[in-house]
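Report on one structure; see the data block that follows.
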Amino acid sequence: MFNYYMPVDIHFGFGAISKVGEIARRFGFKGLIVCGNSAKRLGYLDKVVSNLVINNIRDIIVFDEIEPNPTDIAVNKGALIASSNQVDFIIGLGGGSVLDAAKAIAIVSSNEGFAWEYVNYPEGPKSIPYYTRPVIAIPTTAGTGSEVNKYSVLSNPNRKEKIAIAHSLNYPKVAIVDPELTMSMDKDLTATTGIDAFYHALESYTNKLENKIAEDFAVKAIKIIFDWLLIAYHEPQNKEARLNMSYAAMIAGIAIDQKRAGLIHSMEHTVSGRFPKIAHAKGLSALGYYITLFNIKKAPQKYQRLAEELGLKDEHELLNKLKELTIALSLPRSLKDLGLAQDEDIINDLAEDVHFTARGVFNINPADITEEDVRNIYKTSLFEDESLMYG
Ligand SMILES: [Fe+2]
């Protein structure tokens, strides 16, 4: 049995950005645009503002202080701007960090308290939102899926934790997915965001939760990523590749929305929670192969079924394709590649963080897993030694 709820109005395709003003007018005439540096630098902010102005929306505030791995502090600051100016809507224009922040700013600005009260510890959030300002999410990368899901992953630098807000009020009202905005991504950003989408699809398909629609989306997303990510990586101006990757990222985002992600994401969040300079997808890439290897050895069934749906020989071919793709994209293959010190204390801290902030994920991992296993997987990746995987 499964339930499917996806309340986002999606506008997809080249040129979709030109609808922003017409769409924003549904919500009012005063807006906050949340973005980072790149949206300004690449001219996307000007493009959005001029389209709003053409549609008579002239009261526009820009909050451009969102950095990768967005913090609760930045969200609280943005929320204060939104609430004190009583904006009618919020536009998130950027990559995953910006979209996550824009959604969280909408939640916090419309309710009481601070951002960190709304994140999902295993015991649940401290506060539950009861209203949110409408958000228009405009991705400028192809990977996050945040434009179509209920998650906002936030970092708390004081607690060195990274946890998501996950609530049905945290969906954007509208997603404007225009692949044109992804055409200026450099190779590294194309690779990292694309592999993030891959892990969304892989984890949502293989975890123990049930949702047929999400699994169908996940299979399709993986097929597209295997076919098109390397082309987008080598040929940044290839419009067909960019269109396909925007679509794959979006449907993989729906897949995690319906079925959650899994252990790779949880184990990564503790890494970039403690080491905020590490990009989310690079952490995923450093851990993903080993965690998938662990799961395939202990509980291969879901991976066998996925391989079959993808038209591959078996789960080992799937793992091999992942390895080849990671190498071809020049992505890190281990925590050692990321430059983490080979230190037992780091391993213990990371494993404890997973237990404290995300132990719920143990229940949905395809294979039975313990805190000791998590420690061993971190160790395996840190020392690049598969013999350490099973203790
Ligand atoms: Fe992700």
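Readers should treat all values here as calculations from the given coordinates under stated rules, not as data from a laboratory. The shown structure was predicted, so the numbers you read here are calculated from the model rather than taken from an experiment. Positions of Cβ are backbone-derived with ideal geometry, glycine not excepted, and every protein chain shown enters the neighbour counts.
Side notes on the structure shown:
- Here segment 356-389 is scanned for amide nitrogen atoms under 20 Å from the site 7 Å beyond the Cα of Glu344 along Cα-to-Cβ, giving 371-389.
- Among Ala328, Ala16, Ala39, residue whose mean-square fluctuation peaks in a GNM of the chain (springs only between Cα atoms under 10 Å): Ala328
- Residue among Ala137, Gly253, Tyr378 farthest towards the positive dipole end of the chain, charges placed on Cβ: Ala137
- Segment 188-279 gives an Rg/Rh value of 1.01, both radii derived from C-alpha positions and Rh following Kirkwood.
- Magnitude of the charge dipole for segment 251-313, about its Cα centre and with charges confined to Cβ atoms of Lys, Arg (+1) and Asp, Glu (-1), is about 200 debye.
- The equivalent ellipsoid that matches the C-alpha gyration tensor of segment 9-182 spans semi-axes of 25, 17, 14 angstrom, in descending order.
- Taking all Cα pairs closer than 8 Å and separated by 6 or more residues, the relative contact order of segment 9-182 comes to 27 percent.
- Loop chymotrypsin sites (Phe, Trp or Tyr not before Pro), segment 2-98, which have at most 12 other Cβ atoms in a 10 Å radius of their Cβ (DSSP): Phe2, Tyr4, Tyr5
- 18 Å Cα-Cα reach of Lys47 towards aspartates and glutamates, excluding residues that sit fewer than 8 places from it in its own chain: Glu22, Asp59, Asp64, Asp178, Glu180
- When the Cα positions of Phe63, Met389, Leu306 are compared along the charge dipole of the chain, Phe63 comes out farthest toward the positive end, with charges on each C-beta of Lys, Arg, Asp and Glu.
- Our summary gives the chain a relative contact order of 15 percent, counting only alpha carbon pairs under 8 angstrom and 6 or more residues apart.
- Sequence-distant residues sharing a close amide H with Ile91 (under 5 Å, placed H): Leu32, Ile33, Val34, Ile136
- Sequentially through segment 82-92, phi angles give Karplus couplings (6.51, -1.76, 1.60; θ = phi - 60°) of 5, 6, 5, 8, 6, 6, 7, 7, 10, 10, x Hz, Gly and Pro residues having no value and appearing as x.
- Tail fraction, Cα-Cα pairs, the chain, threshold 28 Å, whole percent: 42 percent
- Listed residue pairs exceeding 22 Å between alpha carbons, taken from Lys77/Lys160; Lys77/Lys162; Lys103/Lys212; Lys282/Lys321: Lys103/Lys212
- J(HN,Hα) series, segment 238-243, from Karplus relation 6.51 cos²θ - 1.76 cosθ + 1.60, nearest Hz, glycine and proline x: 6, 5, 5, 5, 5, 4
- Put simply, the amide H of Glu65, placed in the peptide plane, has neighbours under 5 Å in Cys35, leaving out anything fewer than 5 places away on its chain.
- Centre separation in Å (Cα based) which lies between segment 97-118 and segment 181-235: 26 Å
- Longest stretch of the chain clear of exposed loop sites (trypsin sites (Lys or Arg not before Pro), DSSP loop, at most 12 other Cβ atoms within 10 Å, sites excluded): 127-276.
- Hydrodynamic radius by Kirkwood, which averages 1/r over all alpha carbon pairs of segment 187-388, in angstrom: 16.8 Å
- Ordering of 337-344, 288-295 by packing [mean C-beta count within 10 Å, highest first]: 288-295, 337-344
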